[in-house]
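Colleague: First, the structure itself, so that you have it in front of you.
The values are calculated or read from the model by the stated rules, or taken from the named source; none is laboratory data. Because the structure is a prediction, the values reported are computed rather than measured. Reconstructed Cβ throughout: ideal geometry from the backbone, glycine too, with neighbour counts over all protein chains shown. Just so you know, the surface numbers come from the protein's heavy atoms only, side chains and all, with ligands and any DNA or RNA stripped out. Shrake-Rupley method; radii C 1.70, N 1.55, O 1.52, S 1.80 Å.
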Amino acid sequence: MRVVITAATAGEIAPVKETLPARYSGADAPVSVQFHTAGVGMVATTWSLTRLLSEQQPQLVIQAGIAGCFDHQVPLGAVMAISSEHFGDTGVEENGQWRDLFSLQLDGPDTPPFENRELPNPWLQQYNLLHLPQAHAVTINTITTRPERIQQLQQHYRPTLESMEGAALHYVCRMARTPFIQLRSVSNYIGERDKSKWKIKDAIINLNQCLLQLIEAIDKNG
């Protein structure tokens with residue numbers, strides 16, 4: 001199986017890249033792993049992944065990264081598998097209300113690859129071999145800091161996590177019909193700008209441990 005592990009930045013997946021057993025690096029290996037840095041934000045990720053899928057034609061894409069969390073009951077450092085995504089900043093903010101393309105009736109709720117306004121992962125159950133807790137997520141190009149904006153996103157999408165690339169993965173892979181799974185580790189709570197309270201190092205360590213375990217589980221399951 002040809003597997004690609006992709007992240008917005010190289011640092012988010014550096015530990016697993018450095019420690020992955022050599023048996024997964026050969027092109028002819030039963031499980032062959034390639035690493036890919038897509039860039040930060042939806043546009044960079046969409047362009048980079050589209051090119052990757054066209055040229056490399058992997059059989060599984062694993063997107064990994066850290067994320068902000070709306071739910072303070074979720075501990076920092078927790079790793080979650082994303083069940084569905086939303087584009088959270090395509091629309092109109094007016095009179096304190098948020099209206100996306102579906103609310104504006106500029107797009108249909110089931111226009112491919114959307115299903116009921118969401119971008120679910122139809123391969124999640126097949127590849128969530130570690131049985132990680134599942135979470136809904138929202139993707140935006142600007143990190144959320146305003147309480148009013150946080151409330152808008154929570155009311156409209158009810159997400160647990162926020163990233164800057166996740167929905168691009170879901171969109172591109174669903175359109176290409178390429179199996180994928182997205183893993184996110186919680187580095188901070190949404191709106192907290194005091195970075196001394198963030199746990200980026202712990203989140204990356206936990207994320208990469210899960211990535212290594214997932215590759216081994218894929219190998220074991222054939």
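Colleague: Restricting the search to the stretch 69-81, which residues are open to solvent by less than 20 Å² (accessible area, probe 1.4 Å) and either more than 19 Å from T144 (Cα to Cα) or without any contact (Cβ under 8 Å) to a residue 40 or more places away in the chain (or both)?
Modeller: Within the stretch 69-81, G77, V79, M80, A81 meet the criteria.
Colleague: Among the numbered criteria (1) open to solvent by 30 Å² or more (accessible area, probe 1.4 Å); (2) over 15 Å from Q209 (Cα atoms); (3) part of a strand (DSSP E or B), which single criterion is violated by I66?
Modeller: (2)
Colleague: Continuing with this model, one more query. Tell me, please, whether a residue that is open to solvent by 30 Å² or more (accessible area, probe 1.4 Å), of a type in the set (V, I, T) and more than 21 Å from P179 (Cβ to Cβ) can be found in the stretch 47-62.
Modeller: No, because not a single residue in the stretch 47-62 is open to solvent by 30 Å² or more (accessible area, probe 1.4 Å), of a type in the set (V, I, T) and more than 21 Å from P179 (Cβ to Cβ).
Colleague: Need a quick list: strands (runs of 3 or more DSSP E) entirely within the stretch 118-199 having at least 2 residues that are of a type outside the set (F, W, Y) and open to solvent by 20 Å² or more (accessible area, probe 1.4 Å).
Modeller: Here the list reads 134-139.
Colleague: Restricting the search to the stretch 14-56, which residues are under 17 Å from L214 (Cβ atoms) and in a strand (DSSP E or B)?
Modeller: Those that are under 17 Å from L214 (Cβ atoms) and in a strand (DSSP E or B): S32, V33, Q34, F35, H36.
Colleague: Another question, then. What are the residue pairs meeting all of these: first residue in the stretch 104-121, first residue farther than 15 Å from V138 by Cα, second residue open to solvent by 60 Å² or more (accessible area, probe 1.4 Å) and of a type in the set (K, R), Cβ atoms under 8 Å, and 6 or more apart or on different chains?
Modeller: Partner pairs satisfying both residue conditions: P109/R117.
Colleague: Sticking with this structure for a sec: When you look at P30, is it open to solvent by less than 70 Å² (accessible area, probe 1.4 Å) and closer than 26 Å to K220 by Cβ, yes or no?
Modeller: Here the answer is no, as P30 does not meet what is asked.
Colleague: Follow-up question, since we're still on this one. Within the stretch 147-206, track down each residue that is modelled with pLDDT of 95 or more and of a type in the set (D, E).
Modeller: The answer is E162, E165, D202.
Colleague: Let me ask another. Is at least one residue of the stretch 90-108 among the polar types (S, T, N, Q) and assigned to a strand (DSSP E or B)?
Modeller: Yes, some residue in the stretch 90-108 is among the polar types (S, T, N, Q) and assigned to a strand (DSSP E or B).
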